[in-house]
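Please find one structure pasted underneath; my questions will follow.
The values are calculated or read from the model by the stated rules, or taken from the named source; none is laboratory data. A quick note: this is a predicted structure, and the numbers were derived from the prediction, not measured. Cβ placement follows ideal geometry from the backbone for every residue including glycine, while neighbour counts extend to all protein chains displayed. Each accessible area value is taken on the protein alone, full model and side chains, heavy atoms only, with ligands, DNA and RNA left out. Shrake-Rupley method; radii C 1.70, N 1.55, O 1.52, S 1.80 Å.
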Amino acid sequence: MSQLRIFSYLPNPRIWKATIAARLCGITIDLRGAPPGELQDWLWDFDAHPLSDSERQEPALQRTGRTGFKSRLYKTPAFLEAHPFGTVPAAFSPDGRVGIFESNSIMRAVARLGVNTYPLYGSDAYSAARIDSFLDVSLVFARDSQIYLLSLRDTVTAEIHARTRDAFSTYIAGIDQALAPARSFLVGDDITLADICFVAELSLFANEKPRSKALAAQGLTPILHDGLEAEYPRAMAHYAKLRAHPAFAPDVGPYLQKIASAVAKAA
Ligand SMILES: N[C@@H](CCC(=O)N[C@@H](CS)C(=O)NCC(=O)O)C(=O)O
């Protein structure tokens with residue numbers, strides 16, 4: 001039986017935080033959703049599903065999308081009670097009574113559910129708090145990254161680009177430093193939520209790659225460039241190692257492959 005339900009657009013690297021953690025600690029997730037362009041035709045609810053004709057006509061369900069969705073969205077009052085910020089990924093306890101939002105917190109829920117199988121969230125208060133430290137800095141980077149990636153769909157500005165470039169270099173330099181001189185993982189001696197979050201955020205940021213023409217049109221250059229391996233060797237090697245790990249590869253592999261195809265097409 002599923003121990004957590006998650007509703008989102010799919011695929012979504014933010015969800016991998018939960019799915020990768022779930023593979024490692026043996027938790028079953030009930031994943032619901034559809035490609036991003038189709039979620040405007042879904043009812044956002046614990047029992048999320050494609051809209052019926054009557055639901056589509058119901059004014060009480062209609063909301064205006066705020067982040068990443070320009071169209072009208074359909075969210076039930078129960079969804080908004082469980083998810084006051086109205087965002088996806090949206091997780092629920094199996095009975096639908098508890099809503100869990102923010103992908104880092106959804107990932108933490110998986111780790112807590114699977115604590116007896118794999119200590120993804122550290123082994124004591126100190127290591128757990130150190131993992132939280134990495135999750136917090138990741139979220140700071142993720143905020144700028146989200147604004148930037150959304151702006152690449154229409155009008156990226158030099159200001160947004162500069163802010164994101166700075167946010168990226170702060171983030172990746174910290175990850176690189178944390179792995180010095182030759183650490184295998186960000187916290188402790190094995191994979192933790194800190195490593196999973198890093199891979200998910202960097203993979204999401206890879207969506208910059210097919211947008212080089214949009215950047216060039218504004219006289220801007222990609223933040224993800226060929227010199228990163230030399231500049232941040234430990235962080236980039238850590239990413240390369242983890243993305244090939246059996247718990248990560250089923251999510252990361254096809255996603256990066258799709259991005260590589262889009263890059264080839266754009267060229
Ligand atoms: N920091 C959040 C980001 C969630 C988020 O911003 N989701 C957007 C889609 S990318 C959303 O659900 N928007 C709903 C709306 O615009 O109403 C996380 O990691 O879960």
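Under a 1.4 Å probe, what is the accessible area of segment 53-141 per residue, stated in Å²?
Numbers: 5120 Å² over 89 residues.
Averaged over the residues of segment 53-141, the accessible area is 58 Å².
Further question on the same structure: Give the carbon-plus-sulfur fraction of the accessible surface of segment 120-199 in %, rounded to a whole number; probe 1.4 Å, heavy atoms of protein chains only.
Whole-percent figure for carbon plus sulfur exposure: 55.
What net charge is computed for the residues neighbouring Arg130, neighbours being all others with C-beta under 12 Å from the C-beta of Arg130, Lys and Arg scored +1, Asp and Glu -1? Let's see the in-between values first.
Numbers: positive: none; negative: Asp124, Asp132, Asp136.
Result for the local shell: -3.
May I ask for the net charge around Gln40, where only other residues with Cβ less than 14 Å from the Cβ of Gln40 are counted and Lys, Arg are +1 while Asp, Glu are -1?
Residues near Gln40 contribute +3 overall.
Please give the contour-minus-distance gain from Arg153 to Glu58: 0.36 nm per residue of separation, less the Cα-Cα distance, rounded to one decimal in nm. Provide the component values of the computation, followed by the final result.
Details: separation 95, 0.36 × 95 = 34.20 nm, distance 3.05 nm.
Answer, rounded to one decimal: 31.1 nm.
In nanometres, what is the gap between the two model label sites at Ala266 and Ala78, each 7 Å from Cα along Cα-to-Cβ?
Going from the Ala266 label point to the Ala78 one covers 4.1 nm.
Can you tally the net charge around Gly65? Count Lys and Arg as +1, Asp and Glu as -1, for every other residue whose Cβ sits under 14 Å from the Cβ of Gly65. Write out the running numbers ahead of the final one.
Working: positive: Arg63, Arg66, Lys70, Arg72, Lys75, Arg153; negative: Glu38, Asp41.
So the environment of Gly65 carries a net charge of +4.
Sequence gap at least 6, Cα distance under 8 Å: using those rules, report the relative contact order of the chain to the nearest whole percent. Intermediate results must be reported in sequence, preceding the final value.
Details: 362 pairs, mean separation 51.4, N = 267.
Relative contact order for the chain comes out at 19 percent.
Limiting things to C-alpha atoms, what are the Rg and the maximum Cα-Cα separation (Dmax) for the chain, in angstroms?
Both quantities, over Cα of the chain: 18.9, 61 Å.
Per residue, how many Å² of accessible area does segment 199-263 show with a 1.4 Å probe? Can you show the working numbers first?
Numbers: 3220 Å² over 65 residues.
Dividing the accessible area of segment 199-263 by its residue count gives 49 Å².
At 7 Å along Cα-to-Cβ for each site, give me the label-to-label distance between Asn116 and Gln257 in nm.
Inter-label distance under the simple model: 3.7 nm.
Which whole-angstrom value gives the distance between the alpha carbon centres of segment 1-58 and segment 208-264?
Segment 1-58 and segment 208-264 have Cα centres separated by 25 Å.
If you don't mind, another one. Could you size up the charge dipole of segment 148-267 around its Cα centre, putting +1 on the beta carbon of Lys and Arg and -1 on that of Asp and Glu, and report it in debye to the nearest 20? Walk me through the numbers before you get to the answer.
Numbers: 12 positive and 13 negative charges, 88 e Å.
Roughly 420 debye for segment 148-267.
If you don't mind, there's one more thing I want to ask. In percent, how large is the relative contact order of segment 122-267, given Cα pairs closer than 8 Å and 6 or more residues apart? Before the final figure, lay out the partial values.
Numbers: 117 pairs, mean separation 38.6, N = 146.
Rounded, it is 26 percent for segment 122-267.
Of Lys17/Lys265; Lys17/Lys209; Lys213/Lys258, which ones are farther than 25 Å apart at the Cα?
Numbers: Lys17/Lys265 29 Å; Lys17/Lys209 21 Å; Lys213/Lys258 18 Å.
The pairs that break the limit, which is 25 Å between Cα atoms, are Lys17/Lys265.
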